[in-house]
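S.K.: Pasting a structure here, questions to come.
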Amino acid sequence: MKIFNYHSAKDVKEASKLSSSRSAFLAGGMTTIPSMKLGLASYKDIINIKGIKKLSGIKISGKKVTIGSTTRHAEVANSKEIKKAIPSLSALAEGIGDPQVRNRGTIGGSIANNDPAADYPSACIALNAVIHTNNRKIDAEKFFRGMFETSLKSGEIIESIEFAIPQKSSYQKYPNPASRYAIVGVYVAKHKSGVNVAVTGAKSCVYNDKNLSDILSKSFSADAINNTKISASGMNSDIHASADYRANMVKVFC
Amino acid sequence: MASLVGSRVERKEDKKLLTGRGKYTADVNFIHQTYAYFVRSPHARAEIKKVDISKASKAPGVVAVLTGADIANDKIGGLIAGWRIKSEDGSDMKVPAHPPLANESVNYVGDHVAVVIAESLDEARSAADLVKVDYKILKAVVKTKDAMDSEQIYKDIPKNMCFDWLLGDRAKVKEAFEKADKVIKIDIINNRLIPNAMEPRAANADYNPSTEEITLYTTSQNPHLARIIISAFNGVAPENKLRVIAPDVGGGFGSKIYPYAEEVVCSWAAKKIERPVKWVADRTESFLSDCHGRDHVTHAELAVKNDGTFLGFKNETIANIGAYASVFGTVTPTYLFGPCATGVYKMPAAYTNVKAVYTNTAPVDAYRGAGRPEATYTIETLVEKAARELGMDPAEIRMKNFPTEFPYQQTLVHSVDSGDYNAGLKKVMELGEYESFEKRKKESESRGKLRGIGFCTYFEACGIAPSPVVMMLGCGIGLWESAEVRFNPTGNVTVFTGSHSHGQGHDTTFAQIAADQLGVPIESIEIAHGDTDKGPFGYGTYGSRSLTVGGTAIVKACDKIVAKGKRVAAKMLEVNEDEVDFNNGEFVVAKSNKKKTIGEVAFACYLPGTYGEVKSPLPDGEEPGLKETSFFDPANFSFPAGSHICEVEVDQDTGETKVVKYTAVDDFGTIINPLIVEGQVHGGLAQGIGQALYENCHYDNSGQLITASYMDYTMPRADNFTDFNLGFTCTPATSNPLGTKGCGEAGAIAAPPAVMNAVIDAIGTEISMPATAEKVWTACNKKNKNSEAA
Ligand SMILES: Cc1cc2nc3c(=O)[nH]c(=O)nc-3n(C[C@H](O)[C@H](O)[C@H](O)COP(=O)(O)OP(=O)(O)OC[C@H]3O[C@@H](n4cnc5c(N)ncnc54)[C@H](O)[C@@H]3O)c2cc1C
């Protein structure tokens, strides 16, 4: 690991001010620290944001679940309120990595990182999430831009993520047998306004499968998609799963 | 005192290991410590044109940067292949030079090019980035199957072939096949594995310029072997000036049997810079540079009669031994493989032909089971296919071909001293509820799942090994074992063994044996190992040898203690020696109340005379002290055997395959500690199931290791398994007084074919290891398509 300056920010303003193109925020550190140790990333400044109280916590109000960006996966997994409001969301958090990762990793870190195989981005898309930053509100559909790429600007900090409570929802994941990240994860959520089928792991970035979403919006049943063909084009292919296999899994899990 | 042998004594070493009080090589720090970081080849195959260390040498904190040129200048010898194999045509195996730091060429990703030694690890690592190596990149040879038809890696080694070895009689096999009603054929791959011991390899060498002694702490299964190789072959220091200590070691599975380049370099460098040099592998270095396991491509055939009788067996295997011939890299695919390839069966004619090939991948050496898993996978998938093709029950075809009289002389090499294969198979069928399998299958089907069942009946040759036999077969060392039993004056005991415990539980098992032999409480016995300056020379731990060979040496040394004790007790009790008996720690005189405890006798041995109350004259001519050494060379290998049944459930939609029932009945001869033996079987099964369903080492076509971290290399985890249902049968070994056979490798040997036979039964088509979800899904699809077309 290369030498770096460590800062512990007391509020969002300070954190944002300290940041530069050669810095990283330290939330759970579950992505940043392994990348630094493996020599894949090095930073001049590491800015710890875990001390900023306002960034952490879970709020439920009417039709929304709002989760602070430094809320840990384990807290979402174990939250009685979330389990009641959106059981599939706490189930998703329960399925991330292992207990050590869940006890440190945060939702803000996960979506800021936007790993193509991460779980949370699919929840954001399926649950019509709005990402609140220190500057603005961003719709999930506009937030995830590409592989490890988001619409966050330099110095911009995610403060919270606001999810719409659906009528029905489910998240199914086929974990990579080695890393346990999603080879394919499919988040289906039925809202009053329609159904979202969000897919992670399959392509270079999470996406809303508009075709499946439309079909299920018209008829919300497993049989409705029986004759739908999922194209493997644009899907990832690696030693763990081919594009064809991923396409099949999207259908199986939908 | 009740006998401890056979009882479930809790592991004495666990308290230390589980509470973080173990002492591992990485925990050792010397004053003036320096830290080494290795510059490794990023290319699978390249010529080294120039190594420029000028910038790195001037980097902050750097003490020294050493290269292959320095190794050559100092005449440090290369790493060795310990077992000389001859080809079928009588020629010697071909071995390339393997300098500890590469001089002219690099031959796999991770090959050692230079070492940077600095005041801190961070400084060493940063400076390593400044070592500029000018490579001429060459085309890499990666695939086992194509290696003989690819670019030639070494000038003097045509076809990249180390040897072309034959065991058996081709003519006899040809005759047998001519008489066959049917010939069953398979083409299989034994997937390459990365051992992944929990503790990564490490070395810390300290040099004392005034005594010229090197002390090397290292993660070794075999410190004495490390010492003799580093001194006699690498020439770093004479044996008497090299002390090798393998303290607590966190697993090895074969990958830590022999010294690697890093130990040689740290020892040599410590002497050169006159400061201690420490190296600890990070996990990716382990993936890249630990010796790997398996990697065979095999075509095998079985000649059968319609009634299921086996007539003959052919085995044509290409074994990938990696870029260099490692210490046991050449024996693993030959003498540890070929003789076991006919399985437990009567096989009138057989041969095994192995072509060992070099590739631009990490060296391949012994990994839990070493050769025997490959052999068992070959014969057991072949036999199960024969049963399918002949429409026979898989148990019936096996029983038909079991030998029933022991000792049984096998077709290839081994004379198996004892066994009862029928008993084991019957017991596993009962324990595994074979009769009600169809019911379970229906139940799985009602949930939309496919269920399959697979058998494996195996034997293996371990308890390695009778020295004259192995030396005749090309082994460069003997494989006996030593023990020293040392009574302390106050009656407690230290037992030194030349074997080494790195997870096996020797501290407990060996103490049970010594406690029984000497009649001393187990709490009064300490087992010592892993330090060449403490106990006598020994050959370490691998090949399920420690108990049968090392444990026997302890028994023999205890016998000598008792023999001397009798002479001393007789003098103390004023009777003749032949009037003294020894039971339960007491020397007694029959039909009298005269007795001395072994503690009193030990005390007398250390205070030989009369002093106040103490009256303990030794017999005339008897030496004082009570310490005995024994070197035991077994007359034969030992032959554990067993029958395993696996049931799997397959989800056709996703291809996901789960082991849902696993039953194993093993014959390990006498069992000293069932708790430890069950643990060994569990661990072996986890690795065997891991090989069958999850683990796979993957190099891409350019020789880059893709599975170089746990993000991509699938280590099985607890949730991948079901409860293991274990049973035992016992036919004691006749080659050692304890009757033990060895249990460390059995699970890893038996599980792969049991699991794969179950998968094949479930999906109705052949498939290669590991049976990952995608592969199973693809195989199911293909089969469904074929049956639709038909
Ligand atoms: C062994 C292992 C297994 C894993 N398995 C899974 C899995 O199955 N599924 C899955 O989805 N993930 C998995 N992860 C990733 C895990 O969920 C991480 O916690 C997550 O990706 C990053 O969160 P973090 O809080 O640790 O972020 P950090 O590592 O602290 O930060 C990551 C990045 O996000 C930025 N960042 C952090 N917080 C903010 C913020 N509030 N605003 C703006 N930018 C921010 C940082 O600048 C940094 O660039 C795994 C990780 C490991 C180590």
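The values are calculated or read from the model by the stated rules, or taken from the named source; none is laboratory data. Please read these numbers as outputs of a predicted model, since none were measured by experiment. Backbone-built Cβ (ideal geometry, glycine too); neighbour counts: all protein chains shown. Note: areas computed on protein heavy atoms with side chains; ligands, DNA, RNA excluded. Shrake-Rupley method; radii C 1.70, N 1.55, O 1.52, S 1.80 Å.
S.K.: Output the relative contact order of chain B, whole-number percent, from Cα pairs under 8 angstrom with separation of 6+ residues.
M.R.: Details: 2037 pairs, mean separation 120.4, N = 790.
Reported relative contact order: 15 percent.
S.K.: Note down the accessible area of A:LEU38, probe 1.4 Å, to the nearest 10 Å².
M.R.: Only protein atoms counted, so the area is about 110 Å².
S.K.: Tell me the carbon and sulfur percent of the accessible area for the protein assembly as shown, rounded to whole percent, probe radius 1.4 Å. Can you show the working numbers first?
M.R.: Details: 20680 of 41220 Å².
Solvent-exposed carbon and sulfur of the protein assembly as shown make up 50 percent of the total.
S.K.: Also, quick follow-up: Which three semi-axes in whole Å describe the equivalent ellipsoid of the stretch B:466-540, each the square root of 5 times a Cα gyration tensor eigenvalue, listed largest first?
M.R.: Over the Cα atoms of the stretch B:466-540, the ellipsoid semi-axes are 27, 12, 11 Å.
S.K.: Also: Return the distance in nm (one decimal) between the two label points of a simple spin-label model at A:LYS84 and B:THR211, each offset 7 Å from Cα along Cα→Cβ.
M.R.: The answer from the label model is 7.2 nm.
S.K.: What quantity of accessible surface, computed with a 1.4 Å probe and excluding non-protein components, is buried in total between chains B and A, in Å² to the nearest 100?
M.R.: Values: alone 30090 and 12790 Å², together 41220 Å².
Separately minus together, B and A give about 1700 Å² buried.
S.K.: Less than 13 Å Cβ to Cβ from A:GLU159, Lys/Arg counted +1 and Asp/Glu -1: what total charge do the surrounding residues give? Could the numbers behind the result be given before it?
M.R.: Numbers: positive: A:LYS13, A:LYS53, A:LYS54, A:LYS59, A:ARG136, A:LYS137; negative: A:ASP11, A:GLU156, A:GLU162.
With Lys, Arg at +1 and Asp, Glu at -1, the net is +3.
S.K.: Over the stretch B:372-433, what per residue volume does the convex hull of the Cα atoms give, in whole Å³?
M.R.: Given the Cα convex hull of the stretch B:372-433, per-residue volume reads 106 Å³.
S.K.: Right, here's the next one. With every protein chain kept in place and ligands, DNA and RNA left out, what is the accessible area per residue of the protein assembly as shown? Probe 1.4 Å, answer in Å². Before the final figure, lay out the partial values.
M.R.: Numbers: 41220 Å² over 1044 residues.
That works out to 39 Å² for each residue.
S.K.: Same structure again: Once you list every other residue whose beta carbon is under 12 Å from the beta carbon of A:TYR181, what net charge do they have if Lys and Arg are +1 and Asp and Glu are -1?
M.R.: Numbers: positive: A:LYS173, A:ARG180; negative: A:ASP98, A:ASP115, A:ASP119, A:ASP238, B:ASP712.
Once positives and negatives cancel, what remains is -3.
S.K.: Still on this structure: Expressed in nm to one decimal, what extension gain is obtained for the pair B:LYS439 and B:MET715 from 0.36 nm per residue of sequence separation less their Cα-Cα distance?
M.R.: On the way: separation 276, 0.36 × 276 = 99.36 nm, distance 3.25 nm.
Stretched fully, the B:LYS439-B:MET715 segment lengthens by 96.1 nm.
S.K.: Then there's this: Just to verify a number: what accessible area does B:ARG447 come out at with the full protein assembly present, 1.4 Å probe, Å² rounded to tens?
M.R.: B:ARG447 exposes around 110 Å² with every protein chain in place.
S.K.: Is any helix in chain B, taking whole DSSP H runs, at least 20 angstrom long along its axis by alpha carbon and on average at least -0.5 on the Kyte-Doolittle scale, and which ones?
M.R.: Values: long enough: B:372-390 (26 Å, -0.54); B:552-573 (30 Å, 0.46); B:674-693 (28 Å, 0.58); B:746-763 (26 Å, 1.43); B:773-789 (24 Å, -1.38).
Result, helices passing both filters: B:552-573, B:674-693, B:746-763.
S.K.: Could you let me know the centre-to-centre spacing of the stretch A:231-254 and the stretch B:402-424, using Cα atoms, in angstrom?
M.R.: The stretch A:231-254 and the stretch B:402-424 have Cα centres spaced 50 Å from each other.
S.K.: Using the basic label-point model (7 angstrom from Cα toward the beta carbon), what is the B:ASP307 to B:LYS75 distance in nanometres?
M.R.: Roughly 6.9 nm, to one decimal.
S.K.: With the crude spin-label approximation of a point 7 Å out along Cα→Cβ, what separation in nm comes out for B:ALA528 versus B:ILE31?
M.R.: Roughly 2.5 nm, to one decimal.
S.K.: Quick one: plug the Kirkwood hydrodynamic radius of the stretch A:56-253 (C-alpha pairs) into Stokes-Einstein at 10 °C, 1.306 mPa s, and report D in µm²/s.
M.R.: Details: Rh = 16.7 Å.
Estimated diffusion coefficient is 95 µm²/s.
S.K.: Another one. For peptide B:713-720, what's the mean number of Cβ atoms from other chains within 10 Å of each residue's Cβ?
M.R.: Working: counts 4, 7, 2, 1, 3, 0, 0, 1.
Average neighbour count from other chains, rounded to a whole number: 2.
S.K.: How large is log10 I(q)/I(0) at q = 0.07 Å⁻¹ when the Debye formula is applied to the Cα atoms of chain B, each weighted equally and without solvent?
M.R.: For the requested q values the scattering log ratios are -0.54.
S.K.: Which residues belonging to the stretch A:238-254 lose at least 10 Å² of 1.4 Å-probe accessible area when the assembly is complete, relative to their chain isolated?
M.R.: Buried by 10 Å² or more upon assembly, which counts only protein chains, are A:ILE239, A:HIS240, A:SER242, A:ASP244, A:TYR245, A:ASN248, A:MET249, A:VAL252.
S.K.: Given the convex hull over the Cα atoms of the stretch B:238-353, what projected area results after averaging over all orientations, in nm²?
M.R.: Computed as one quarter of the Cα hull surface, the answer is 11.1 nm².
S.K.: Here's a follow-up. Find the relative contact order for chain A and round it to a whole percent, using C-alpha pairs within less than 8 Å whose residues are 6+ positions apart.
M.R.: Values: 545 pairs, mean separation 38.1, N = 254.
After rounding, I find 15 percent.
S.K.: Under 14 Å Cα to Cα from A:LYS54, which aspartates and glutamates show up? Leave out anything in the same chain fewer than 8 places away.
M.R.: Leaving aside aspartates and glutamates fewer than 8 places away in the same chain, those within reach of A:LYS54 are A:ASP11, A:GLU14, A:GLU159.
S.K.: Estimate the FRET efficiency between A:LEU38 and B:GLU622 by the formula 1/(1 + (r/R0)^6), using the beta-carbon distance for r and 51 Å for R0, to the nearest 0.05. Before the final figure, lay out each step's value.
M.R.: Values: r = 65 Å, r/R0 = 1.27.
FRET efficiency, A:LEU38 to B:GLU622: 0.20.
S.K.: Of all alpha-carbon pairs in the stretch B:480-632, indicate the percentage at a distance above 25 angstrom. Display every interim value, and only then the final one.
M.R.: Numbers: 3528 of 11628 pairs.
Taking all Cα-Cα pairs of the stretch B:480-632, the fraction more than 25 Å apart is 30 percent.
S.K.: Okay, moving on. Where does the charge balance sit around A:SER90 when Lys and Arg score +1, Asp and Glu -1, over other residues with C-beta under 13 Å from its C-beta?
M.R.: Details: positive: A:ARG72, A:LYS80, A:LYS83, A:LYS84, A:ARG102; negative: A:GLU75, A:GLU81, A:GLU94, A:ASP119.
Combined, the nearby Lys, Arg, Asp and Glu give +1.
S.K.: Relative to the isolated chain, which residues of the stretch B:757-774 have their accessible area cut by 10 Å² or more in the presence of all protein chains (1.4 Å probe, heavy atoms, no ligands or nucleic acids)?
M.R.: Buried by 10 Å² or more upon assembly, which counts only protein chains, are B:ALA773, B:GLU774.
S.K.: Sticking with this one: To the nearest 500 deg cm²/dmol, what mean residue ellipticity at 222 nm is calculated for chain B from DSSP H runs of n ≥ 4 alone, each contributing -39,500 (n - 2.57), summed and divided by the residues?
M.R.: Working: 19 runs with 211 residues, N = 790.
When only DSSP H runs of four or more count, the value is -8000 deg cm²/dmol.
S.K.: Moving to a separate point now. Inverting the mean 1/r over all pairs of different Cα atoms, compute the Kirkwood radius of the protein assembly as shown and quote it in Å.
M.R.: Working: mean 1/r = 0.0316 Å⁻¹.
Over the protein assembly as shown, the inverse of the mean reciprocal pair distance is 31.6 Å.
S.K.: Once the Cβ-Cβ distance between A:SER237 and B:THR19 is put in as r, and R0 is 56 Å, what FRET efficiency do you end up with, to the nearest 0.05? Show your work: numbers first, answer last.
M.R.: On the way: r = 46 Å, r/R0 = 0.83.
The pair A:SER237/B:THR19 has a calculated efficiency of 0.75.
S.K.: Rounded to the nearest 0.05, what FRET efficiency do B:ASP89 and B:ARG283 have when you use their Cβ-Cβ distance and R0 = 45 Å?
M.R.: Working: r = 43 Å, r/R0 = 0.96.
Result of the calculation: an efficiency of 0.55.
S.K.: If you don't mind, another one. Give me the orientation-averaged projected area of the Cα convex hull of the stretch A:81-154, in nm², one decimal. Don't skip to the end; give the middle numbers.
M.R.: Working: hull surface 21.6 nm².
If I average the Cα hull's projected area over directions, I get 5.4 nm².
S.K.: Specify the angular offset, from 0 to 90 degrees and rounded to the nearest 10, of the alpha carbon long axis of helix A:243-253 from the longest principal axis of the alpha carbons in chain A.
M.R.: The helix A:243-253 is inclined about 80 degrees to chain A.
S.K.: Can you list the aspartates and glutamates whose alpha carbon is less than 14 Å from that of B:LYS355, not counting same-chain residues fewer than 8 positions off?
M.R.: Reachable aspartates and glutamates: B:GLU88, B:ASP89, B:ASP92, B:ASP146, B:ASP149, B:ASP164, B:ASP295, B:GLU316.
S.K.: Let me ask you something else. What lysines sit close enough to B:LYS442 to cross-link, taking a C-alpha to C-alpha distance under 17 Å and skipping anything fewer than 8 places away on the same chain?
M.R.: The qualifying lysines are B:LYS658, B:LYS661.
S.K.: Still on this structure, I have one more. Ratio to report: Rg/Rh of the stretch B:600-696, with Cα atoms as the point set and Rh obtained by the Kirkwood method; give two decimals.
M.R.: Values: Rg = 27.1 Å, Rh = 19.4 Å.
Checking Rg against Rh, the ratio lands at 1.40.
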